[in-house]
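Peer 1: Handing you a structure now.
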Amino acid sequence: MLCLNTEDAIWTALEDVIDPEIGVNIVDLGLVYEVDVDDKGHADIEMTLTIPECPLADDIVKNVKEAAGTIPGIKDVNVALVWEPKWSPARMNDRARDEIRSRNRLV
């Protein structure tokens, strides 16, 4: 079965996609809501951005598609940007919070 392990691999690959304005990966930030893969290798990724007007939205989506596309068995990737539920810092995991805190201490 392609789906479950492939979905996990995509989540891991998406940890390499950094939000360029915050400097933390999009998974730890809580920007990725869902990853689904069908038996034909089609991946659907539902995600949001920190703000709808994000000037780097196209770059982030391109990077998400490229990261997911590196997973064996993935033939195409669709990224759907959604605005509900709205992103807030409460969606970040502890690793993201620690990374941002440590970076702010260094400044």
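Peer 1: On a full-extension model of 0.36 nm per residue, what is the gain between D16 and D59, subtracting their alpha-carbon distance, rounded to one decimal in nm?
Peer 2: Between D16 and D59, full extension yields 14.1 nm more.
Peer 1: What whole-number distance in Å separates the alpha-carbon centres of the stretch 73-107 and the stretch 31-47?
Peer 2: 17 Å
Peer 1: What is the distance, in nm, between label points placed 7 Å from the Cα along the Cα-to-Cβ direction at N104 and at K86?
Peer 2: For the pair N104/K86, the computed spacing is 2.1 nm.
Peer 1: Take I18, I26 and order them by how many other Cβ atoms sit within 10 Å, fewest up front.
Peer 2: Going from least to most buried by this count: I18, I26.
Peer 1: 222 nm [θ] for the chain, helices only, -39500 (n - 2.57) per DSSP H run of 4+, per residue, to 500?
Peer 2: -11000 deg cm²/dmol
Peer 1: Taking only Cα atoms, what is the 0 to 90° angle, nearest 10, from helix 94-106's long axis to the longest principal axis of the chain?
Peer 2: 40 degrees
Peer 1: Less than 10 Å Cβ to Cβ from G23, Lys/Arg counted +1 and Asp/Glu -1: what total charge do the surrounding residues give?
Peer 2: Counting the neighbours of G23, the net charge comes to -2.
Peer 1: To the nearest µm²/s, what D does Stokes-Einstein give for the stretch 59-107 at 10 °C and 1.306 mPa s, using the Kirkwood radius over alpha carbon pairs as Rh?
Peer 2: 116 µm²/s
Peer 1: Could you give P(r) for the stretch 3-106, binned at 5 Å from zero, as whole percent values over all Cα-Cα pairs?
Peer 2: 2, 13, 24, 23, 18, 11, 5, 2, 0, 0
Peer 1: If each residue of separation counts as 0.36 nm, what is the full-extension length gain between N5 and D38 once their alpha-carbon separation is subtracted?
Peer 2: Using 0.36 nm per residue and subtracting the Cα-Cα distance, I get 10.7 nm.
Peer 1: With θ taken as phi - 60° and the coefficients 6.51, -1.76 and 1.60, list the Karplus ³J(HN,Hα) couplings across the stretch 66-72 in order, rounded to whole Hz; mark glycine and proline as x.
Peer 2: Here the 3J(HN,Hα) series is 5, 5, 5, x, 7, 6, x Hz.
Readers should treat all values here as calculations from the given coordinates under stated rules, not as data from a laboratory. All of these numbers come straight from a predicted model, not from anything done at the bench. Methodologically, a virtual Cβ is constructed for each residue, glycine included, from the backbone with ideal geometry; neighbour enumeration extends over all protein chains shown.
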